[in-house]
């Protein structure tokens with residue numbers, strides 16, 4: 001499988017919506033455009049099996065999406081898909097703009113301050129509404145780093161390193 005064909009997990013099926021075979025999706029990206037333009041999606045079941053489906057419809061709903069797949073028109077046909085991971089090929093995703101990154105590219109980066117202090121590894125990211133928060137785990141401490149321009153000084157994916165300029169008191173929490 002080439003890099004452009006690599007599957008990227010973009011969400012999770014969290015349940016059904018209505019009785020016409022629609023699925024509720026918790027999105028990891030919030031990017032409805034990628035899903036709408038994809039044409040096909042891949043669902044990875046709890047058993048690890050991967051299946052490809054043709055997209056009928058995508059709509060924003062609450063904090064996620066409602067996904068309709070061709071060949072499904074009844075709730076009973078899609079119940080088994082609950083809990084499946086929703087994946088797209090990397091080639092189906094937009095190329096990030098300058099200073100934008102996919103979460104999967106950031107997870108695992110080594111994080112240090114602009115003073116050379118090693119903090120640990122970026123292990124998780126969560127959204128807060130105004131900005132993402134990077135969870136950095138060191139050997140004895142965990143740091144919550146806001147993903148804002150004033151703090152994130154440099155990201156070097158090739159070197160697998162992130163350099164931050166901590167706000168006063170940020171590392172004391």
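Each value in this text was obtained by applying a stated rule to the coordinates, not by laboratory testing. As the structure is a computational prediction, the values presented were derived from the model and not from experiment. Here the Cβ is made from the backbone with ideal geometry for all residues, glycine too, and neighbour counts use every protein chain on show.
Some observations on this one:
- In this calculation the C-beta distance from residue 160 to residue 37 is compared with R0 = 25 Å, giving a FRET efficiency of 0.25.
- Peptide ranges 61-70, 81-90 listed from the most packed, as the mean C-beta count within 10 angstrom indicates: 81-90, 61-70
- The range 136-155 versus the range 50-66: alpha-carbon centroid distance in Å: 33
- Distance between modelled label sites at residue 127 and residue 171, nm, 7 Å Cα→Cβ extension: 3.1
- Relative to its Kirkwood radius, the Cα radius of gyration of the range 5-86 gives an Rg/Rh of 0.91.
- Helical mean residue ellipticity (222 nm; -39500 (n - 2.57) per DSSP H run of 4+; nearest 500) of the chain: -1500 deg cm²/dmol
- Once both labels are positioned 7 Å from their Cα atoms along Cα-to-Cβ, the gap between residue 101 and residue 20 label points is 4.2 nm.
- Average Cα contact separation per residue, the range 103-172, under 8 Å, 6 or more apart, as relative contact order %: 28
- Rel. contact order, % - alpha carbon contacts under 8 angstrom, at least six apart, the chain: 19
- Against the rule of thumb 2.2 N^0.38 Å, how large the Cα Rg of the chain comes out: 1.20
- Convex hull volume per residue, computed on the Cα atoms of the range 103-172, equals 86 Å³.
- Between residue 79 and residue 118, the modelled label-to-label distance comes to 5.3 nm, taking each label 7 Å out from Cα in the direction of the beta carbon.
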